[in-house]
Amino acid sequence: MVAPVSASDLKIVRVFTGWRDAESFKRIAEYFDGKEHTGGEIVLRTHPGQRGGYYFLVRVSNPGAPARAQFQLQLIEAGQPAQHTTVFPAEVKTGTSVFQLGLTGPEWQNAKAQPVAWQVLILSADDGRVLATEKSYLWEKPVGG
């Protein structure tokens, strides 16, 4: 059973971003059984059959009960007038979890491109409350700036 989670319980510990080639996900076990092995990470992709893309590695700490959630990834890309939002449904288990949120396929094809700014929100799947958030330095104008 998945219980409601308090916004103060769940935390984003860190976020790393960058391009990953499809081959970087292949582990030796896959050569034997043909299945992707994620090493305990939860890999969520915009196109599950395509591994190469721009990823947000999000380490989450949840001292409370498991929670049904949505990762909302908001991006501002160079040359684009509006932000782009992608949603990844997930369950955040008790303890520490690592999520790989991948913009794959047509969502991100250029290995050299980087977003200008980004924000990751974890929202309650039940009522849409913001449970945790992390953003890049350029996401918002500094106070007093």
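Can you tell me which residues in the range 21-52 are closer than 20 Å to Trp108 by Cα, of a type in the set (Val, Ile, Thr) and either free of Cβ contacts under 8 Å to residues at least 12 places away in the same chain or not in a loop (DSSP other than H, G, I, E, B) (or both)? Steps first, answer last, please.
Applying the first criterion (closer than 20 Å to Trp108 by Cα) to the range 21-52 yields 21-26, 42-52.
From the residues that got through so far, the ones that are of a type in the set (Val, Ile, Thr) too are 42-43, 46.
Result: Ile42, Val43.
For the criterion of being at pLDDT below 95, in a loop (DSSP other than H, G, I, E, B), exposed (fewer than 13 other Cβ atoms within 10 Å of the Cβ) and among the hydrophobic types (A, V, I, L, M, F, W, C), Ala111 passes. If I ask for residues that are surrounded by 13 or more Cβ atoms within 10 Å (Cβ to Cβ) and not basic (Lys, Arg), which ones from the range 13-36 would you list? Within the range 13-36, Val13, Val15, Thr17, Trp19, Phe25, Glu36 qualify. Residue by residue through the range 53-70, note down the ones that are crowded, with 20+ Cβ neighbours inside 10 Å and either within 16 Å of Ser24 (Cβ to Cβ) or in contact (Cβ under 8 Å) with a residue 60 or more places away in the chain (or both). If the condition is that a residue be crowded, with 20+ Cβ neighbours inside 10 Å and either within 16 Å of Ser24 (Cβ to Cβ) or in contact (Cβ under 8 Å) with a residue 60 or more places away in the chain (or both), then Gly53, Tyr54, Tyr55, Phe56, Val58, Val60, Ala67, Ala69 are the ones that fit.
Applying the selection to the range 76-101, what residues are closer than 20 Å to Arg14 by Cα and either part of a loop (DSSP other than H, G, I, E, B) or in contact with a helix residue (DSSP H, G or I) (Cβ under 9 Å, 6 or more places away or on another chain) (or both)? Listed by number, the residues that qualify are Ile76, Thr86, Lys93, Thr94, Gln100.
Just to be sure, is Leu73 touching a Leu at 6+ places or on another chain (Cβ under 6 Å), part of a strand (DSSP E or B) and crowded, with 20+ Cβ neighbours inside 10 Å? Taking the combined requirement at face value, the residue satisfies it. Since Thr94 meets every condition but one in (1) surrounded by fewer than 19 Cβ atoms within 10 Å (Cβ to Cβ); (2) under 14 Å from the mean Cα position of the chain (by Cα); (3) at pLDDT 95 or above, which condition does it not meet? Among (1) surrounded by fewer than 19 Cβ atoms within 10 Å (Cβ to Cβ); (2) under 14 Å from the mean Cα position of the chain (by Cα); (3) at pLDDT 95 or above, Thr94 violates only (2). Scanning the range 77-88 for residues that are modelled with pLDDT under 95, surrounded by 15 or more Cβ atoms within 10 Å (Cβ to Cβ) and touching a Leu at 6+ places or on another chain (Cβ under 8 Å) yields a total of 1.
The values are calculated or read from the model by the stated rules, or taken from the named source; none is laboratory data. These numbers were taken from a predicted model, which means no experiment stands behind them. As a convention, Cβ positions derive from the backbone with ideal geometry for all residues, glycine included, and neighbour counts pool all protein chains shown.
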